[in-house]
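Here, each number is a calculation from the coordinates, and none is a lab measurement. Source: prediction; values computed, not measured. Positions of Cβ are backbone-derived with ideal geometry, glycine not excepted, and every protein chain shown enters the neighbour counts.
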Amino acid sequence: MANRAAARRGEGQGLMSSADPLRKEVSPPDFAALFHAAPNPYLILDTKLYIVAVNDAYCRATMTKREEILGHHLFDVFPDNPDEHQPTGTANLHASLMRVLEYGRPDAMAVQKYDIRLPEAEGGQFVVRYWSPLNTPVADASGEVRWIIHHVEDVTELMERKMESEQREELAREQQRVIKELRAANRELAQRIGGA
């Protein structure tokens, strides 16, 4: 019985650490494979805001291809929508990234409207997107920021539902206002007819 328990723990098979008989010796994981397979979107920037790595989830979320965006400046790949009257996406993101570089701390941004361009094969026009971004510094051994992890969550559907709800509420308020005015007009008309 004791031998079966030892076998389950890996004793006698070279898998256990001699310092801790319950700890299995493991090989370090392939962090590049883990990064690319991560279910959440991540983009890695250098301190000049050039794209140095991007995972599959980020490419899917932004409708881009890794080989087409690596080595390019972030705002060349993701410019503001030229059709938008007063875009704030690049300015807000740039300010957040500068705070990360200056203070060496993560910067969580409020939800941002930041439209993205469809691939040329799909027309190349911009489509509305809302994002919840988090920018996190990665320092070298001396403590200097070397890279920024840019993580985004696409919250477009949530924001569209919120805006639709707000529009319905506004429409309901407007309908109530019109109904009140009509009732008041009807009362006034009834008083005039009754008093005539």
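With respect to the chain, whose longest principal axis is taken over its alpha-carbon atoms, helix 156-195 is tilted by about 10°. Measure nothing fancy, just the Cα-based angle from helix 89-103's long axis to the longest principal axis of the chain, in degrees from 0 to 90, nearest 10. With both axes taken from Cα atoms, the answer is about 40 degrees. Packing order of peptides 79-92, 51-64, 104-117, highest average first: 51-64, 104-117, 79-92 (average count of other Cβ atoms within 10 Å over each peptide's residues).
Annotation: amide H of residue 53 within the under-5 Å range of 44, sequence separation 5 or more or interchain, hydrogens built in the peptide plane. The phi-based Karplus calculation (6.51 cos²θ - 1.76 cosθ + 1.60; θ = phi - 60°) puts the 3J(HN,Hα) values of region 118-124 at 5, x, 4, 5, 9, x, x Hz, whole numbers, x for Gly and Pro.
Just one of (1) 11.1; (2) 13.0; (3) 24.4 is mean projected area of the Cα convex hull in nm² calculated from these coordinates, so which is it? Answer by label: (3).
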